[in-house]
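Each remark here refers to the structure printed beneath this line.
The values are calculated or read from the model by the stated rules, or taken from the named source; none is laboratory data. None of the values given here were measured: they were computed from a predicted structure. Here Cβ is always computed from backbone atoms with ideal geometry, including for glycine, and neighbour counts include all displayed protein chains.
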Amino acid sequence: MSEVGITVKKAENFSDWYTQVVLKAGLADYAPIKGCIVFMEHSYAIWEKIQAFFDKRIKEIGHKNAYFPMFIPERFLRKEAEHFKGFVPECAWVTIGGDTELKEKLAVRPTSETIIYTMYKKWIKSWRDLPILLNQWCNIVRWETKATKPFLRTREFLWQEGHTAHATKEDADKEVMDILMIYKDLIETQLAIPVLAGRKTESEKFAGALYTTTLEAVMPDGKALQMGTSHNLGQNFSKAFRIKFIGEDEKEHYVWTTSWGISTRLIGALVMVHGDDKGLVLPPKIAPYQVVIIPIFYKEVEKDTILSKAREALTKLKENRISTVLDDRAEYTPGWKFHEWELRGVPIRIEIGPRDIEKRQIVAARRDTLERVEIKEEELLKTINEMLEDIQNNLFNQAKRFLEDHITSVKTYEEFKEVLRKKGGFIKACWCSTRECEEKIKEETGATIRVVPFQKEDLFSNCVYCGSEAKEVVLFARAY
C-alpha cells in the first residue's frame, strides 16, 4: 500500500478518487490480464461478510449450495434464443484444449442458466421433485469491451447465482420476492445503502426472463447502480430445455424457474456511497475490523504498561464479538497508523497513551464523523457497542437523505434534461409505456428506466417524452 493518501477530492474528481481509494485502501490491485483485478484480503473479507449474511438467510428458507461447471457448450446457450442473443457479445470462448481443436466451442460461464437447466431436465420427473432450490457461489466472465473499473465493471467478477424450479407460477413469484427482500435487507441493514425496489421494463429485463425485479441505489456522482436482481424466468427455459414433470393431476407440465444474483459490485457501491476524502468509511456490520487499537508511548519505560492495557482492551472486545485488531507495530509512528486505518475505513480507532493510563480511560475516534471521545475503562464495552450502532445508523441515514434529495419529479422533457444535466439521480416521470419513447430517451440522454415501482403511483402528467397519455410513473437515471 502506498504511504501517500488520497490526492483528489471526492467532490472534484469522483472517478479518480474512487480508483485511488480502491488501490490505496488495499481493496484491489490490477491484474496482468486486461480488465481483471486481484481481490485483496481487505475486499475479500468484506465479500465473506456479505456471503455469510446471505448464505445464512437463504438456507433458513430451504436453499442449498451446489456447484456447476464453468464451461458451457455453445449449443446450450443457443437453446433459448433471447438469452443467447443477450449474452453472446460478452462471451469468452474456449476453442482449443491442449493442442486439440474442440469440436464444439465452450463459453466460459457468463451466467449458468443453460448448464443448470440441462441438469434439471435429468433430475425433475415428478411434482415430488419440486421445488429445487439451489444456489452457487462462483466467478463469472463477461468480456467487456467498455472501459473497466474495479468492482463495477471487470471481465471476471465474483457473485452468487440462485436457480430454482417450481410447480406453479405463484410459487415462482413468491421465490422472486422472497429473495429480493433478503437482498434489500442485506444492502440496507449491513451495507447501510438505501435502495429503490421495483421491476425492470421489457427492454431492460434479463435476457430470457418473464420479468425482472431490481434494487437500485444512487451514487454520489448522480448515477444509479443496480445492486441486485431477481428474475421470474417463466417457462421460457423449461420449454427450451424440455424440463417437464408429472403433476398431482397426473398430467405433464413445464416447470417454472427463477434466477437471482448479487455480485462483488456491492463492494464498489460501499466505496462510493460512504467513502470520503481520507479514504474508505465502512459500516460496522460489514467491516472486517470494527475497532483498531493503537498504543501510544513516548518513552521505552511506558511501553510495557501501555501495551498491557491495549491487550486487555483487545481481549475484552474480542470476547464480546467485536472484531478488533491491535496495531503494535514498532516500525510505524502513531500518526502513520492513524492515517492508514482511516484510509482502510475501520469504524472506530482506540488510542491508549500515558495520560489515558493515568485517567483509567481510552480515547475513541469515530471514522464517520472523526469525533474523538474519552471513555472510562469500566464503560468500554457499553460505549463501543453504542458507538458502533450509531455509526451504522448514521451512515444509512446520511445515504438515505442523499437518495431522497436525488429523486426529482418532472413533467416535461426539458425539465428532464435539465435535472439530468445539473443534478442527476433518479428522475420520476410519467411514461406512455411504449418502447419507442424509452429508446429515444436513452438514445438522446443516456438515461434508462431503472425502476418501475411495485406500487402504482398516481399519474401527474402526460408522457414526459411524446406528450401522449401516460400509463405509469417510472424512475429514470443514467447508470453504471
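Overview of values
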| quantity | calculated |
| --- | --- |
| Which listed residue is under 27 Å from Ile243 (Cα atoms), outside any loop (DSSP other than H, G, I, E, B) and at pLDDT 95 or above, from Lys59, Lys85 | Lys59 |
| Single residue of region 243-266 satisfying the filter (touching a Phe, Trp or Tyr at 6+ places or on another chain (Cβ under 8 Å) and assigned to a loop (DSSP other than H, G, I, E, B)) that is farthest from Leu134 (Cα to Cα) | Glu248 |
| Residue ID - farthest from Trp341 (Cα to Cα), chosen from residues in region 1-38 that are loosely packed, with under 13 Cβ neighbours inside 10 Å and among the aliphatic types (A, V, I, L, M) | Ile33 |
| Test for Leu133: is it within 24 Å of Ile58 (Cβ to Cβ), assigned by TED's automatic domain parsing to the domain that holds Ile246 and not in a helix (DSSP H, G or I) | yes |
| Top-ranked residue of region 349-372 - restricted to ones that are of a type in the set (D, E, K, R) and buried (at least 19 other Cβ atoms within 10 Å of the Cβ), ranked as modelled with the lowest pLDDT | Asp356 |
| Unique match (being within 27 Å of Val8 (Cα to Cα) and among the hydrophobic types (A, V, I, L, M, F, W, C)) among Trp341, Trp256, Trp260 | Trp341 |
| Single match in Leu106, Leu158 (criterion: of a type outside the set (Lys, Arg), surrounded by 17 or more Cβ atoms within 10 Å (Cβ to Cβ), closer than 18 Å to Gly86 by Cα and in contact with a strand residue (DSSP E or B) (Cβ under 8 Å, 6 or more places away or on another chain)) | Leu106 |
| Checking Arg321 against (1) free of Cβ contacts under 8 Å to residues at least 24 places away in the same chain; (2) more than 30 Å from Arg57 (Cα to Cα), the condition it does not meet | (2) |
| Flag for Val255 being in contact (Cβ under 8 Å) with a residue 60 or more places away in the chain and either under 30 Å from Tyr120 (Cα atoms) or surrounded by fewer than 18 Cβ atoms within 10 Å (Cβ to Cβ) (or both) | yes |
| Of all residues making up region 32-56, the number that are modelled with pLDDT of 95 or more, outside any helix (DSSP H, G or I) and among the small types (Gly, Ala, Ser) | 0 |
| Qualifying residue in region 440-450 (condition: under 14 Å from Thr201 (Cβ atoms) and surrounded by fewer than 18 Cβ atoms within 10 Å (Cβ to Cβ)) | yes |
